[in-house]
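Asker: The structure that follows is given in the form of structure tokens.
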Amino acid sequence: MSTTMQVMEFPLFINGQWRPASSGETFDVVNPATGAVVAKVAKATKQDAEEAIRVARETFDSGVWSRKKPQERAQVLVQFAQKIVEHAQDLVFLESVSSGGTIRRIGNSDILQIADLLQQTAKFAMEYSYVQSLPVVSFPASNNNQIWREPIGVVAAITAWNFPMILAMWKLAPALAMGNTIIVKPASNTPLSTLKLAELAVQAGLPAGVFNVIAGPGASVGETLVTHPQVDKVAFTGSTEVGRRIMQLASGTVKRVTLELGGKSPSIVLPDADLELAVPGILFGVFLHSGQICESGTRVLVHDSIYDEVVSRLAEAAKSIRLGNPLDPATGMGPVVSKQQLDTVLGYIEAGIQEGARLVCGGNRAVGAGLDNGYFVEPTIFADVTNDMKIAKEEIFGPVLSVIRYSTVEEAIQIANDTIYGLASGVWTSDANKALQIARELKAGTVWINDWHMFRSDAPFGGYKQSGFGRELGRHALDEYTQVKHVHLSMTSEIEQRPWLNILFN
Ligand code: NDP
């Protein structure tokens, strides 16, 4: 495998080894900044998925990982973090040329986040309460009772294209820490960095077969994972539509499922907000990674008294965002991930115009200055948006901000919560008490006050409502990769001390 600008080649990664797809077929991965093919990747078949499941099952059942001491597993996670840092340059490159994310973001943030998550998870895994003894009680009898936390088994992780490494690591770190084996199916646009991570994990000492990666179409390979009886859990990040389908399919074998789905996250700007902070903060919240973040702050609700000023300051500040090739450290915003996504985003912009929203910034495909072959969209801001418009209701997944007017805090909260989603929300104000009161009313899994996109490895992330369920990151995530066993050891050795037997016997 090479990482030069020639077309790279990536096989599948199963049982600690690179191998071609059983059909011999490959598919192209395209750099969204240039439209050029950057890699040919083995296109897994249903048989390859079944082989990966067989390997993950056998590896789990062998106990080579699942029965290791937590400290030993933690040590491998820390070594994995070290490998990631050593190979950061390769990973940043692979992630950037496939997802369109800027190296400025991936190199300065994503790499640190995944290394930190592995280190934190290693620490949590050592502190975790794997065995809990219950107090001795007299009813129904005095016995020894324990609650054990055990790994679930084989996990299938299906990830989206916006943050391939981060989304994989949010599942990998807790799954591995708790002793599961895992098969990751990355999005077809962006399988490269996930494949590289699997190789690094084995170099870090992870036994072969614990972490497998198969790239291939969601509709066939993904569905094989979700329906196979030997897979115990599915962890998914992606669209709400596919999340619904996965939940249905997983019900056939009653798999555990965690879903991290779409969002239409609102922020409320109160009249006392410090606009020096709020204006760049709102733009950071919506335009980072060209708006392709599930928790992007895509609806901003602004009080009447400051509405016109906020709209004009947002439009003015957006002009300083520099579009360009994501491999250039000077670039602030790259392309959207694909031609298809470009068309989707432009379609939403057209819908906003048709529905009568006022375009105050952007609105077009960005061209010129080396952008023509890429899928770039100008940072776009609509004012006078009402919450019933399509651009305020649906997840666009592009650099499009809707600015909505409100008169009272009650009205703002009502508009903020008037969505099927509930991933994130926010408040911009100088009054911390008021912010916390509003946070209590917001129906979302995360509330950022005077900030956005601020993750930490020990704080849980996940959705309310149709944004999904289950939590990633933090100690909560470890629970999601365990199952609970109650073990009862009888301490009543004489039959006379077992009166419950009289319920049956005469
Ligand atoms: P999808 O939800 O379609 O894809 C996410 C992952 O699921 C990919 O790995 C995909 O594989 C896989 N997949 C697709 N269909 C199935 C299936 N039937 N069974 C199992 N796995 C499946 O997202 P898209 O990439 O198509 O993006 C579409 C929209 O989803 C975006 O415009 C955006 O609105 C939203 N989205 C939301 C994200 C979030 O974080 N909340 C992230 C990404 C997208 P493959 O790539 O091979 O199709």
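Asker: From Leu167, Leu176, which residue is more than 10 Å from the ligand (Cβ to nearest atom) and open to solvent by less than 10 Å² (accessible area, probe 1.4 Å)?
Answerer: It is Leu176.
Asker: A further question follows. Looking at region 454-467, which of the residues that are closer than 18 Å to Leu112 by Cα and out of contact with any strand residue (DSSP E or B) (no Cβ under 9 Å at 6 or more places or on another chain) is farthest from the ligand (Cβ to nearest atom)?
Answerer: Restricting to residues being closer than 18 Å to Leu112 by Cα and out of contact with any strand residue (DSSP E or B) (no Cβ under 9 Å at 6 or more places or on another chain), the top hit is Asp458.
Asker: Looking at Val213, Val254, Val226, which is the one that is touching a strand residue (DSSP E or B) at 6+ places or on another chain (Cβ under 6 Å), of a type in the set (A, V, I, L, M) and more than 8 Å from the ligand (Cβ to nearest atom)?
Answerer: Answer to the check: Val213.
Asker: Further question: In the list Phe93, Phe60, which residue meets the criterion of being of a type in the set (Phe, Trp, Tyr), in contact (Cβ under 8 Å) with a residue 40 or more places away in the chain, over 30 Å from Gln341 (Cα atoms) and in a helix (DSSP H, G or I)?
Answerer: Phe60
Asker: Determine if region 119-139 includes at least one residue that is more than 28 Å from Val55 (Cα to Cα), touching a residue at least 24 places away in the same chain (Cβ under 8 Å) and open to solvent by less than 10 Å² (accessible area, probe 1.4 Å).
Answerer: no
Asker: Look through region 229-251, keep the residues that are of a type in the set (Gly, Ala, Ser) and within 23 Å of Thr482 (Cβ to Cβ), and return whichever of them is nearest to the ligand (Cβ to nearest atom).
Answerer: Filtering region 229-251 for residues that are of a type in the set (Gly, Ala, Ser) and within 23 Å of Thr482 (Cβ to Cβ), the one nearest to the ligand (Cβ to nearest atom) comes out as Gly243.
Asker: Select the strands (runs of 3 or more DSSP E) contained entirely in region 228-317, then report the ones holding at least 3 residues which are open to solvent by 40 Å² or more (accessible area, probe 1.4 Å). Let's see the steps before the verdict.
Answerer: Numbers: elements: 233-237, 256-260, 266-269, 299-303.
Because the criterion is at least 3 residues that are open to solvent by 40 Å² or more (accessible area, probe 1.4 Å), no strands (runs of 3 or more DSSP E) in region 228-317 meet it.
Asker: Condition test on Ile391, is it open to solvent by less than 20 Å² (accessible area, probe 1.4 Å) and not in a loop (DSSP other than H, G, I, E, B)?
Answerer: yes
Asker: Give the number of residues within region 96-110 that are in contact with an Asp or Glu (Cβ under 9 Å, 6 or more places away or on another chain) and either polar (S, T, N, Q) or within 21 Å of Ser188 (Cα to Cα) (or both).
Answerer: Count: 5.
Asker: Give Thr194, Thr190 a once-over and let me know the one that is without any contact (Cβ under 8 Å) to a residue 60 or more places away in the chain, polar (S, T, N, Q) and in contact with a helix residue (DSSP H, G or I) (Cβ under 9 Å, 6 or more places away or on another chain). It would help to see each step written out before you state the result.
Answerer: Values: Thr190 fails: without any contact (Cβ under 8 Å) to a residue 60 or more places away in the chain.
Among Thr194, Thr190, only Thr194 is without any contact (Cβ under 8 Å) to a residue 60 or more places away in the chain, polar (S, T, N, Q) and in contact with a helix residue (DSSP H, G or I) (Cβ under 9 Å, 6 or more places away or on another chain).
Asker: Sort out which residues of region 359-388 are assigned to a loop (DSSP other than H, G, I, E, B) and of a type in the set (Ser, Thr, Tyr), and write them in order of number.
Answerer: Residues of region 359-388 assigned to a loop (DSSP other than H, G, I, E, B): 362-364, 366-376, 378-379, 386-388.
Those that are assigned to a loop (DSSP other than H, G, I, E, B) and of a type in the set (Ser, Thr, Tyr): Tyr375, Thr386.
Asker: A further question on this structure: Taking region 366-403, which residues are within 14 Å of Gly291 (Cα to Cα) and out of contact with any Ser or Thr (no Cβ under 9 Å at 6 or more places or on another chain)?
Answerer: Answer for region 366-403, where residues must be within 14 Å of Gly291 (Cα to Cα) and out of contact with any Ser or Thr (no Cβ under 9 Å at 6 or more places or on another chain): Glu378, Thr380, Glu394.
Asker: Are any residues in region 180-207 more than 8 Å from the ligand (Cβ to nearest atom), in contact with a strand residue (DSSP E or B) (Cβ under 7 Å, 6 or more places away or on another chain) and either open to solvent by 10 Å² or more (accessible area, probe 1.4 Å) or of a type in the set (A, V, I, L, M, F, W, C) (or both), and if so, which ones?
Answerer: Ile182, Ile183, Val184, Leu192, Leu195, Ala198, Glu199, Ala201, listed by residue number.
Conditions tested, residue by residue: (1) open to solvent by 40 Å² or more (accessible area, probe 1.4 Å); (2) outside the structural domain of Ala235 (by TED's automatic domain parsing); (3) touching a Phe, Trp or Tyr at 6+ places or on another chain (Cβ under 6 Å); (4) at pLDDT 95 or above.
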{"position": "Ala424", "(1), (2), (3), (4)": "no, yes, no, yes"}
{"position": "Trp428", "(1), (2), (3), (4)": "no, yes, no, yes"}
{"position": "Asp431", "(1), (2), (3), (4)": "yes, yes, no, yes"}
{"position": "Arg440", "(1), (2), (3), (4)": "yes, yes, no, yes"}
{"position": "Ala444", "(1), (2), (3), (4)": "no, yes, yes, yes"}
{"position": "Arg456", "(1), (2), (3), (4)": "yes, yes, no, yes"}
{"position": "Phe469", "(1), (2), (3), (4)": "yes, no, no, yes"}
{"position": "Gly474", "(1), (2), (3), (4)": "no, no, no, no"}
{"position": "Tyr481", "(1), (2), (3), (4)": "no, no, no, yes"}
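Asker: Tally time: how many residues in region 107-118 are crowded, with 22+ Cβ neighbours inside 10 Å and in contact (Cβ under 8 Å) with a residue 60 or more places away in the chain?
Answerer: Adding up the residues that qualify gives 1.
Asker: Does Ile413 satisfy being open to solvent by less than 20 Å² (accessible area, probe 1.4 Å), β-branched (Val, Ile, Thr), at pLDDT 95 or above and outside any loop (DSSP other than H, G, I, E, B)?
Answerer: On the way: open to solvent by less than 20 Å² (accessible area, probe 1.4 Å): no; β-branched (Val, Ile, Thr): yes; at pLDDT 95 or above: yes; outside any loop (DSSP other than H, G, I, E, B): yes.
So Ile413 does not fit the description; no.
The values are calculated or read from the model by the stated rules, or taken from the named source; none is laboratory data. A quick note: this is a predicted structure, and the numbers were derived from the prediction, not measured. Counting neighbours? That spans all protein chains shown, and the Cβs are built from the backbone with ideal geometry, glycine included. These area figures cover heavy atoms from the full protein model, side chains too; ligands, DNA and RNA do not enter into them. Shrake-Rupley method; radii C 1.70, N 1.55, O 1.52, S 1.80 Å.
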